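Structure, as structure tokens:
The values are calculated or read from the model by the stated rules, or taken from the named source; none is laboratory data. Worth saying up front: this structure is predicted, and the values here are computed from it rather than measured. FYI the Cβ positions are ideal-geometry reconstructions off the backbone, even for glycines, and counts take in every protein chain you see. Side chains included, ligands, DNA and RNA excluded: accessible areas come from the protein's heavy atoms. Shrake-Rupley method; radii C 1.70, N 1.55, O 1.52, S 1.80 Å.
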Amino acid sequence: MNNFAKKNVNNKAVILGDYNTGLSEDAQGVPFYGMEFMRNLLDLGWIDTWRYTHGNFSGYSWYSTKGNGFRIDHVFASPILYEVILESYFSHQERMSKISDHSVLIVELAI
């Protein structure tokens with residue numbers, strides 16, 4: 001992932017997926033393993049679309065059997081897409097209706 005990020009930092013690109021990791025502020029309970037990979041993306045200039053549109057607000061995409069929330073689903077946009085990020089939000093309907101154990105992360109871009 002980070003090799004792609006380095007090669008495409010100046011292109012119109014997104015990196016998205018269920019990474020089973022995140023930053024400590026995106027977890028209720030034990031911090032994530034592998035936080036450095038998320039931090040590296042941010043240090044390269046990639047934009048965490050959720051944080052961009054929601055600031056410090058906590059939004060969780062997955063919950064453990066203990067009921068702890070975690071944001072493990074991410075969409076990162078390359079810096080060149082900064083001005084076209086309109087919104088990033090979770091659809092919880094799929095998780096609540098048990099279609100998936102994750103909420104769906106939706107990102108709207110003006111392109």
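Worth a mention:
- Within the range 68-111, the only residue that satisfies the criterion of being at pLDDT below 95, touching a Lys or Arg at 6+ places or on another chain (Cβ under 7 Å) and open to solvent by 40 Å² or more (accessible area, probe 1.4 Å) is 101.
- Lone qualifier among 11, 40, 3 - being at pLDDT 85 or above and in a loop (DSSP other than H, G, I, E, B): 11
- Candidates are the residues of the range 43-60 that are out of contact with any helix residue (DSSP H, G or I) (no Cβ under 8 Å at 6 or more places or on another chain) and loosely packed, with under 13 Cβ neighbours inside 10 Å; the one that is modelled with the lowest pLDDT is 57.
- If only residues of the range 94-111 that are in contact (Cβ under 8 Å) with a residue 60 or more places away in the chain and either farther than 26 Å from residue 79 by Cα or in a loop (DSSP other than H, G, I, E, B) (or both) are counted, the one that is farthest from the chain's Cα centre (by Cα) is 111.
- Conditions (1) under 22 Å from residue 109 (Cα atoms); (2) more than 13 Å from the chain's Cα centre (by Cα); (3) among the polar types (S, T, N, Q): number failed by residue 49: (2)
- Residue in the range 22-29 that is without any contact (Cβ under 8 Å) to a residue 12 or more places away in the chain and farther than 21 Å from residue 108 by Cβ present: yes
- Yes/no for residue 24 being touching a Pro at 6+ places or on another chain (Cβ under 8 Å) and not hydrophobic (A, V, I, L, M, F, W, C): yes
- Take the conditions (1) polar (S, T, N, Q); (2) touching a residue at least 40 places away in the same chain (Cβ under 8 Å); (3) surrounded by 12 or more Cβ atoms within 10 Å (Cβ to Cβ); residue 11 misses just one of them, which is (3).
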